Amino acid sequence: MRYHPFVNSAEVEQIKILRDTPVNGGVNYFASPEDGLTLDVHHELEIGVVLYGAKDVEFEGIKYAAGPGDVWLSTGWEFHVTRPLVPTCELMLFFRPDFLGDELLGDHLWLNCFSVPPHYRPRALTEATRRKVLKIALEIAPEIDPEGRSKGWTTAVRLGILRMLFFLSRDWEFPPEAAPQSGQGVNALSRVIPAIALVHSHLSRRVAVEEAAAACTLSPSRFRLLFQEAMGMNFSGFSLHARLSHIVHLLLETDRTISSIAETTGFTSASHLNIQFSKVYSCTAAEYRKCNRC
């Protein structure tokens with residue numbers, strides 16, 4: 001499934017409200033399966049946790065049922081669908097890689113949990129881990145609530161996410177076929193964070209590899225290697241997906257024409273935008289807007 005209309009307008013509105021914070025999210029309630037079929041559109045990383053009830057979680061090539069304490073991890077540039085099976089409550093968290101920095105989980109970067117294909121990513125495999133994850137999620141929920149935030153709430157959420165990923169990683173082994181090449185350091189993410197910040201602060205244009213490398217005080221060749229290691233994809237692909245996610249935001253939240261959007265996001269024309277957009281979303285920008293506007 002490549003795209004699907006949003007059917008939960010309350011959830012979409014909540015994400016709009018929280019878009020400008022360092023970490024986005026909230027608690028979503030679905031009274032019935034028909035109310036909660038969603039495809040997330042975002043350029044942030046995502047962690048979802050079922051608080052009660054059950055959901056189907058589907059990536060391309062993998063589908064599983066998630067119950068209380070179960071987790072799904074996704075990057076913002078891949079397609080995934082979730083559908084409640086019964087009345088369900090979930091905690092959703094969205095954040096950029098620089099929110100967690102270069103923290104280690106044992107001997108590997110936390111970002112490794114996201115950089116491998118979906119079927120390799122850590123999940124709560126034991127009842128003990130599910131209980132720990134659920135406890136952390138319930139602690140995070142009031143911190144992320146826009147009406148209940150207190151001083152230092154972003155720090156509380158950050159520490160909660162790291163604790164959650166730590167417990168998930170205890171049940172998990174980084175797949176050997178996805179391991180970094182010999183000689184690559186564990187500090188790749190910290191070295192390329194300036195480039196990630198540069199892309200997200202300039203979504204209205206294409207950031208060249210040379211410019212991103214300079215922001216990180218690296219040569220272009222060294223930067224390419226470190227970025228691939230840290231992010232699991234090359235810089236050009238990351239930059240394109242970030243701009244396309246921004247375009248999705250404009251399609252859903254404004255009435256601007258496709259030509260106007262193309263002009264202000266670094267594409268030469270509406271046709272050029274649609275070529276790149278279709279490669280990722282399997283439809284034109286206009287078709288996406290028609291199917292997904294709430």
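Do we have any residue at all in the stretch 67-77 that's at pLDDT 90 or above, charged (D, E, K, R), in contact with a Leu (Cβ under 7 Å, 6 or more places away or on another chain) and outside the structural domain of His200 (by TED's automatic domain parsing)? Show your work before the answer.
Narrowing the stretch 67-77 to residues at pLDDT 90 or above: 67-73.
Now restrict to residues that are charged (D, E, K, R): 70.
After this cut, where a residue has to be in contact with a Leu (Cβ under 7 Å, 6 or more places away or on another chain) as well, the list is none.
Looking through the stretch 67-77, none of the residues is at pLDDT 90 or above, charged (D, E, K, R), in contact with a Leu (Cβ under 7 Å, 6 or more places away or on another chain) and outside the structural domain of His200 (by TED's automatic domain parsing).
State the number of residues belonging to the stretch 190-240 that are assigned to a helix (DSSP H, G or I) and polar (S, T, N, Q). Don't jump to the end; show me each part of the working.
Filtering the stretch 190-240 for residues assigned to a helix (DSSP H, G or I) gives 190-201, 209-215, 220-231, 235-240.
So of that shortlist, the ones also polar (S, T, N, Q) come out as 190, 201, 221, 228, 236, 239.
The total comes to 6.
If Ala178 satisfies all but one of (1) surrounded by fewer than 16 Cβ atoms within 10 Å (Cβ to Cβ); (2) at pLDDT 85 or above, what's the number of the condition it fails?
(2)
Anything in the stretch 87-137 that is among the β-branched types (Val, Ile, Thr), outside any helix (DSSP H, G or I) and under 17 Å from Val27 (Cβ atoms)? List them, or say none. Before the answer, list the steps.
Quick first cut of the stretch 87-137, residues among the β-branched types (Val, Ile, Thr) only: 88, 116, 126, 129, 133, 136.
From what is left, the residues that are outside any helix (DSSP H, G or I) are 88, 116, 126.
Selection gives Thr88 alone.
Any chance the stretch 221-232 includes a residue that's at pLDDT 90 or above and touching a His at 6+ places or on another chain (Cβ under 7 Å)?
no
Quickly run through the stretch 261-294 and pick out the residues that are part of a loop (DSSP other than H, G, I, E, B), of a type outside the set (Gly, Ala, Ser) and within 16 Å of His249 (Cβ to Cβ).
Narrowing the stretch 261-294 to residues part of a loop (DSSP other than H, G, I, E, B): 264-269, 282-284, 293-294.
Remaining after also requiring of a type outside the set (Gly, Ala, Ser): 264-265, 267-268, 283-284, 293-294.
Within the stretch 261-294, Thr264, Thr265, Phe267, Arg293, Cys294 meet the criteria.
Give me a count of the residues in the stretch 83-103 that are surrounded by 15 or more Cβ atoms within 10 Å (Cβ to Cβ) and closer than 30 Å to Ile193 by Cα.
13
Hey, among Gly48, Gly69, which residue is among the small types (Gly, Ala, Ser), crowded, with 18+ Cβ neighbours inside 10 Å and assigned to a loop (DSSP other than H, G, I, E, B)?
On the way: Gly48 fails: assigned to a loop (DSSP other than H, G, I, E, B).
None of the other options fit; the residue is Gly69.
Within the stretch 259-275, identify whether any single residue is at pLDDT below 90 and among the acidic types (Asp, Glu), and answer yes or no.
No, the stretch 259-275 has no match at all.
Of the conditions (1) in contact with a helix residue (DSSP H, G or I) (Cβ under 6 Å, 6 or more places away or on another chain); (2) under 20 Å from Ile136 (Cβ atoms); (3) of a type outside the set (Phe, Trp, Tyr), Leu100 satisfies every one except a single condition; which number is it?
Status for Leu100: all satisfied but (1).
Go through the stretch 212-224 residue by residue and tally those that are out of contact with any Asp or Glu (no Cβ under 8 Å at 6 or more places or on another chain) and surrounded by fewer than 16 Cβ atoms within 10 Å (Cβ to Cβ). Steps first, please.
Of the stretch 212-224, the ones out of contact with any Asp or Glu (no Cβ under 8 Å at 6 or more places or on another chain) are 212-219, 221-224.
Subset that is surrounded by fewer than 16 Cβ atoms within 10 Å (Cβ to Cβ): 217, 219, 221-222.
Counting residues in the stretch 212-224 that are out of contact with any Asp or Glu (no Cβ under 8 Å at 6 or more places or on another chain) and surrounded by fewer than 16 Cβ atoms within 10 Å (Cβ to Cβ) gives 4.
Return the residue satisfying two criteria in turn: it lies in the stretch 276-294 and is at pLDDT 90 or above and surrounded by fewer than 18 Cβ atoms within 10 Å (Cβ to Cβ), and of such residues it is nearest to the chain's Cα centre (by Cα).
Gln276
Name the pairs: first residue in the stretch 181-206 and small (Gly, Ala, Ser), second residue modelled with pLDDT under 80, Cβ to Cβ under 7 Å, at least 6 apart or on different chains?
Ala188/Glu229; Ala188/Ala230; Ser190/Gly101; Ser190/Asp102; Ala197/Asp98
Tally up the residues in the stretch 107-148 that are hydrophobic (A, V, I, L, M, F, W, C), modelled with pLDDT of 90 or more and out of contact with any strand residue (DSSP E or B) (no Cβ under 9 Å at 6 or more places or on another chain), please.
2
The values are calculated or read from the model by the stated rules, or taken from the named source; none is laboratory data. Every value quoted in this text rests on a predicted model; they were computed, and no experiment measured them. Because the Cβ atoms are built from the backbone with ideal geometry, glycine has one as well, and the counts that use them run over all protein chains shown.
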